[in-house]
Amino acid sequence: MERVRTILTHRYPYPHEHSRHAIIAVVVGCLFFISSDNMHTLIQKLDNNIKWWSMYACLLGFFYFFSSPFIGKTIKPSYSNFSRWYVAWILVAAIYHLPSFLSMGVDMRMNLSLFLTIYVSSILFLLVFHIMFLGLWYIGLVARVAGKKPEILTIIQNCAVLSIACCVFYSHCGNRAILRQRPFERRNSGWFSFWKKEERNTWLSKFTRMNELKDQVCSSWFAPVGSASDYPLLSKWVIYGELACTGSCPGSSDEISPIYSLWATFIGLYIANYVVERSSGWALTHPLSVKDYEELKKKQMKPDFLDMVPWYSGTSADLFKTAFDLLVSVTVFVGRFDMRMMQASMNKACDGVPHGDILYDHFSEKEDLWFDFMADTGDGGNSSYTVARLLAQPSIRLNTKDSFRVLPRGDLLLIGGDLAYPNPSAFTYERRLFCPFEYALQPPPWYRVEHIAVNKPEVPCGLSELKQYEGPQCFVIPGNHDWFDGLHTFMRYICHKSWLGGWFMPQKKSYFALQLPKRWWVFGLDLALHADIDVYQFNFFVELIKDKVGENDSVIIMTHEPNWLLDWYWNDVSGKNVSHLICDYLKGRCKLRMAGDLHHYMRHSSVSSDKPVYVQHLLVNGCGGAFLHPTHVFSNFNELYGASYKSEAAYPSFEDSSRIALGNILKFRKKNWQFDFIGGIIYFVLVFSMFPQCKLDHILQDDSFSGHLRSFFSTMWDAFMYMLEHSYVSLAGAMLLLMAAIIFVPPKLSRKKRVIIGILHVSAHLAAALVLMLLLELGVETCIRHRLLATSGYHTLYQWYRTVESEHFPDPTGLRARIEQWTFGLYPACIKYLMSAFDVPEVMAVTRSNICKKGVLSLSRGGAAIYYASVFLYFWVFSTPVVSLVFGSYLYICINWLHIHFDEAFSSLRIANYKSFTRFHINRDGDLEVFTLAVDKVPKEWKLDPDWDGEQPKQLSHLRKFPSKWSAATPQQDPLATVRIVDHFVIQQTGKPDLETRTGPVTH
């Protein structure tokens, strides 16, 4: 018999633990009960007081904008999940104090107190069950698969859904004890009575009268299970229903509560499902055969890519480590110890061929050569894999207007630095660099991750020298991010390993020289963190130019930073040794300078003039996987080494780049919700000293809207003056923020402009914080005036619930008293203090009233801490969306109007799209043909490529027709289907009549 299994075996998450069916059922039930009321009646129930509904709109609006970045996110232990519970907590705590829900027939206090009671009871009951079940597993009474411990968060979520379901039922059906008739009649009045042939028309007519249908559902489908006298053993362990009669009701109810019945049913279903799955490995669903299961498993496989780096995260330890590493690297490694000096000394100590560790000439005898250039990879997994997938293909077919072109894979891959973000470490290199490249082109089967190459190049077995290897090879220079740890990780993973995915790495040092066919050269320079080469590196390339580079040879200089653009932008001069090498030693033989660092594509070509041209073309392509940088900021660059240049290509275009910057206003918080921790605390510190505002009568007493506004802004100005004259905490916070804002402005501008921009920036934040503070105080003051807050004390909800509990949930057998006795008072105490958590507005209002009457000095330290903590809970929700909006608007204005903050304004957007690389071809005539290939939109969902899965594996993956493991989930979005040429030009070999001929279209 064929062995069967399901996806519910112990190796996989149990679906009932993460099931959405219960949530869907609760939502459907809510919609049904709400729609069951006649709409006309519902509208009549709405409160006509516009003041309360305006408060509702304002409150819900702030909570929506606070929680909007987390909508659609996976529920898991994270800040996203914390925010869901946090918002639910303080939103419910605020709404149940407002009056209008009661006018619609919904008693928020009863629902909230009932929810908390059922919630605590459910958690305790299920925890006891799980402990008992694990005990049975431990002594061997249940199957081995039962040993997997349940997730505590899962139990909490299931109990929350269960409690909400019971509250929804109570809100619309109550806890009425429906007196039973004869058993036979009761069974006929149940579920199937609706479907009697003679009653169909009646049922359909009831459908048009939803209110009657709701009553029928409550009395028939969810009726109590019966009298307690029918279950003698349970009579002392159940909650009873509330009597429903027109007159006085003699005696007490003997009917079991429908709420209790519903709760017991849900608990029983949970336990039954859990026991069956954990003890047998089978779920209460149809099983799959092994073959079908394996096919389903393959279809559901997805790569484990990391997301783009959150540069504005207030909680990322990686970013703090990056800042520390940068400080140490600049002051220690490059200042006093430079890894390049050690490499130079080690190279001189080696015997054998001169410069054998740095000069590679194994490509020089080829008739032609295809090679690729990309830079700044290792950020988001989707974007990095998109570029790596294109690089790995045996060929790329590109459709043009009239024909198509096929570009073969490069025999050589040049990577221009910044291999992993935000800092170099084993984790970032392995997950952000090696993982996407290994998925795109797998390393050979004998490759081991832990292997260290001590005698490079370690060519595959059967080959004696590097020239004989015909697979793709890779050479890399480090970027500024690779230098943050003094080049330690780069040396370990690049210079001491032989494979980057399926690309062979013969490189031994952080800089190199490649002799290519037809008298072409590539100089890969290591600029470290000082944007220049060291004297030993300079000396090596000078000797190489004198000894080996001919007068008619052509040289490509590859650096990480595009000094020509950055020097123009910052009005600075850097890379003096590089300039000296190009101008005084190459003397016009440098045909192309290419770099990364700026995450866009731009090409500038020299303009004919009387002045000498030392470099013909300047190319920047940092679109290898990192976030996008703007192009419109650099649109006015036009000069280098005294020669004039013209912008020939930009990707994205200047217009698109300016339009993309608008996302800082619309999407800053959605992309950078971790910024909440910084922004919310800053705003609270700015207004800390202004809480509470006791004199708000003049704002509430004005009759006209304009009068309200005048009074509001007058109070806002008074609060600002109070901060300047009397505050310590808020004034110190404002001064520190002002200094940080001025320092944050790039030094490109004059000191006067930086101060003005900093003041305007801080003024916007301070004004927004004062407005939010007054809105919060006005809301609390309004509720106090209408006796909705500051009426009872710190345990309002619990005290109210105890007064109505016996009326709505009678307990003639004393079950609650027994539970309290058995738990030594912990059970009611837990409910009491859990309910007090929802009295945060009441605590804030009571303490505020005491401060306004007696002064802040009348509070104890504990009382002051409780007050400011309760204020912070709500002010944080109000302020975080606003601080992101203000800061995002600041970035948008700076990048589009002032052309500053190009790094800060686009790193905030974390754009994975607009990725590209450049493919070169040295043809048989010696000309260099250049293609820049780009993908506008990066796929976010991937699936196992069926072509890759069905192809017979080979020893070396570059021999495969389909080398990449993952393809886009939607074929139309796959990079192979969307890639296009955005720039194409030809650089002719030195000595020909025309120095440059451009072929094909150029896309700007």
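Data table
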{"quantity": "Residue list for the stretch 361-405, restricted to those being at pLDDT below 95 and part of a strand (DSSP E or B)", "calculated": "R397, L398, N399, F404, R405"}
{"quantity": "Which numbered condition I911 misses (of (1) among the β-branched types (V, I, T); (2) more than 20 Å from S605 (Cβ to Cβ); (3) not in a loop (DSSP other than H, G, I, E, B))", "calculated": "(3)"}
{"quantity": "Residue that is surrounded by the most Cβ atoms within 10 Å (Cβ to Cβ), among those in the stretch 541-556 that are part of a helix (DSSP H, G or I) and of a type in the set (V, I, T)", "calculated": "I545"}
{"quantity": "Residue check for P460: in contact with an Asp or Glu (Cβ under 9 Å, 6 or more places away or on another chain), closer than 20 Å to L412 by Cβ and not assigned by the TED database to the domain that holds I415", "calculated": "no"}
{"quantity": "Flag for S908 being open to solvent by less than 20 Å² (accessible area, probe 1.4 Å), within 30 Å of I415 (Cα to Cα) and modelled with pLDDT under 95", "calculated": "yes"}
{"quantity": "Residue that is surrounded by the fewest Cβ atoms within 10 Å (Cβ to Cβ) [pool: residues in the stretch 608-664 that are free of Cβ contacts under 8 Å to residues at least 24 places away in the same chain and among the small types (G, A, S)]", "calculated": "S608"}
{"quantity": "The listed residue being outside any helix (DSSP H, G or I) and either surrounded by fewer than 16 Cβ atoms within 10 Å (Cβ to Cβ) or modelled with pLDDT of 75 or more (or both), out of L126, L179", "calculated": "L179"}
{"quantity": "Residue within the stretch 557-574 that is assigned to a strand (DSSP E or B), out of contact with any helix residue (DSSP H, G or I) (no Cβ under 6 Å at 6 or more places or on another chain), outside the structural domain of I922 (by the TED database) and of a type outside the set (S, T, Y) present", "calculated": "yes"}
{"quantity": "Candidates P460, P422, P478, P436, filtered to the one that is out of contact with any His (no Cβ under 6 Å at 6 or more places or on another chain), in a loop (DSSP other than H, G, I, E, B) and at pLDDT 90 or above", "calculated": "P478"}
{"quantity": "Which numbered condition K940 misses (of (1) open to solvent by less than 40 Å² (accessible area, probe 1.4 Å); (2) over 27 Å from S498 (Cβ atoms))", "calculated": "(1)"}
{"quantity": "Residue count for the stretch 717-747, restricted to those that are farther than 23 Å from T847 by Cβ and open to solvent by less than 90 Å² (accessible area, probe 1.4 Å)", "calculated": "14"}
{"quantity": "Any pair with Cβ under 7 angstrom, 6 or more apart, that starts in the stretch 669-695 at a residue that is without any contact (Cβ under 8 Å) to a residue 60 or more places away in the chain and ends at one that is β-branched (V, I, T) and part of a helix (DSSP H, G or I)", "calculated": "V685/V729; S689/V729"}
{"quantity": "Flag if R710 is open to solvent by less than 50 Å² (accessible area, probe 1.4 Å), modelled with pLDDT under 90 and of a type outside the set (S, T, N, Q)", "calculated": "no"}
{"quantity": "Verdict on S658 being part of a strand (DSSP E or B) and modelled with pLDDT of 90 or more", "calculated": "no"}
{"quantity": "Subset of the stretch 592-607 (residues that are in contact with a Phe, Trp or Tyr (Cβ under 9 Å, 6 or more places away or on another chain) and open to solvent by 10 Å² or more (accessible area, probe 1.4 Å))", "calculated": "S606, V607"}
{"quantity": "Boolean, Q515 is open to solvent by 10 Å² or more (accessible area, probe 1.4 Å) and outside the structural domain of Y439 (by the TED database)", "calculated": "yes"}
{"quantity": "Filtered residue count, the stretch 527-540, keeping only those that are over 30 Å from L898 (Cβ atoms) and in a loop (DSSP other than H, G, I, E, B)", "calculated": "3"}
{"quantity": "Scan of the stretch 763-793 for residues that are free of Cβ contacts under 8 Å to residues at least 60 places away in the same chain, part of a loop (DSSP other than H, G, I, E, B) and crowded, with 16+ Cβ neighbours inside 10 Å, ordered by number", "calculated": "A790"}
{"quantity": "Which listed residue, of K518, K508, K497, is charged (D, E, K, R), part of a loop (DSSP other than H, G, I, E, B) and touching an Asp or Glu at 6+ places or on another chain (Cβ under 7 Å)", "calculated": "K508"}
{"quantity": "Residue match in the stretch 853-872 (condition: assigned to a helix (DSSP H, G or I), open to solvent by less than 20 Å² (accessible area, probe 1.4 Å), in contact with a Ser or Thr (Cβ under 6 Å, 6 or more places away or on another chain) and under 30 Å from A769 (Cα atoms))", "calculated": "yes"}
{"quantity": "Filter result for E929 (modelled with pLDDT of 95 or more and surrounded by 15 or more Cβ atoms within 10 Å (Cβ to Cβ))", "calculated": "yes"}
{"quantity": "Options I556, I545; residue that is hydrophobic (A, V, I, L, M, F, W, C) and closer than 22 Å to F371 by Cα", "calculated": "I556"}
{"quantity": "Count of the stretch 806-828 residues which are assigned to a helix (DSSP H, G or I), touching a residue at least 24 places away in the same chain (Cβ under 8 Å) and of a type in the set (D, E)", "calculated": "1"}
{"quantity": "Tally, over the stretch 136-168, of residues that are exposed (fewer than 14 other Cβ atoms within 10 Å of the Cβ) and at pLDDT below 65", "calculated": "4"}
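Matching residues to (1) within 28 Å of S711 (Cα to Cα); (2) over 32 Å from the mean Cα position of the chain (by Cα):
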position: M739; (1), (2): no, no
position: P747; (1), (2): no, no
position: S750; (1), (2): no, yes
position: L766; (1), (2): yes, no
position: V771; (1), (2): yes, no
position: L778; (1), (2): yes, yes
position: R787; (1), (2): yes, yes
position: H795; (1), (2): no, yes
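The values are calculated or read from the model by the stated rules, or taken from the named source; none is laboratory data. In this text, all values refer to a predicted model and were calculated from it rather than measured experimentally. Positions of Cβ are generated from backbone atoms using ideal geometry, with glycine treated the same way; all protein chains shown enter the neighbour counts. Quick note on the areas: whole protein, heavy atoms, side chains included, nothing else; ligands and nucleic acids left out. Shrake-Rupley method; radii C 1.70, N 1.55, O 1.52, S 1.80 Å.
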